[in-house]
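Chemist: Dumping the structure here so I can ask a few things about it.
The values are calculated or read from the model by the stated rules, or taken from the named source; none is laboratory data. Computed from a predicted model, the values in this text were never measured in an experiment. Note: ideal-geometry Cβ built from the backbone for every residue, glycine included; neighbour counts use all protein chains shown.
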Amino acid sequence: MPSPMPMALVNGDYYIMVNNSFCALLGYDRAAIENIPWRLFVHPDDLVRSEQASESMLSGPLSRFKNRLKTKSGDFVAVEWWATARQDGVSVAFANPVESRPVHDG
């Protein structure tokens, strides 16, 4: 059953699979997101926090953090993540938008 919540599978530095809700959140099609480094979508001010969360999820049962992701229009949308690493090292991450409209950078 498809997830209505935006979801991504992450292998190290790359989104390896995203669902339709994740594509709709950012305004990109799947090909523009999958196999692309996730850091390219993260707001520069949130990059260190996002990298720390990515590292900590490998050693703990669940990571929860917030960041902003760049949409196709150039705006940023704030999301709260719940993520965990599977035994094969692939992370399963769910993104919950925390604002009803995009955050403009500026």
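Chemist: Here's a check for you: in segment 67-98, which residue that is of a type in the set (Gly, Ala, Ser) and under 21 Å from residue 4 (Cβ atoms) is surrounded by the fewest Cβ atoms within 10 Å (Cβ to Cβ)?
Modeler: In this case the residue turns out to be 78.
Chemist: Let me ask you something else. If residue 78 satisfies every condition in (1) more than 16 Å from residue 96 (Cα to Cα); (2) outside any loop (DSSP other than H, G, I, E, B) but one, which is the exception?
Modeler: Against the list (1) more than 16 Å from residue 96 (Cα to Cα); (2) outside any loop (DSSP other than H, G, I, E, B), residue 78 comes up short only on (1).
Chemist: Which one is modelled with the highest pLDDT, of the residues in segment 1-13 that are assigned to a loop (DSSP other than H, G, I, E, B) and surrounded by fewer than 18 Cβ atoms within 10 Å (Cβ to Cβ)?
Modeler: Restricting to residues being assigned to a loop (DSSP other than H, G, I, E, B) and surrounded by fewer than 18 Cβ atoms within 10 Å (Cβ to Cβ), the top hit is 5.
Yes/no matrix, rows are residues, columns are (1) among the acidic types (Asp, Glu); (2) out of contact with any helix residue (DSSP H, G or I) (no Cβ under 9 Å at 6 or more places or on another chain):
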| residue | (1), (2) |
| --- | --- |
| 11 | no, yes |
| 29 | yes, no |
| 37 | no, yes |
| 58 | no, yes |
| 66 | no, no |
| 85 | no, no |
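Chemist: With the condition kept exactly as written, say whether any residue in segment 14-21 is among the aromatic types (Phe, Trp, Tyr), surrounded by 13 or more Cβ atoms within 10 Å (Cβ to Cβ) and assigned to a strand (DSSP E or B).
Modeler: yes
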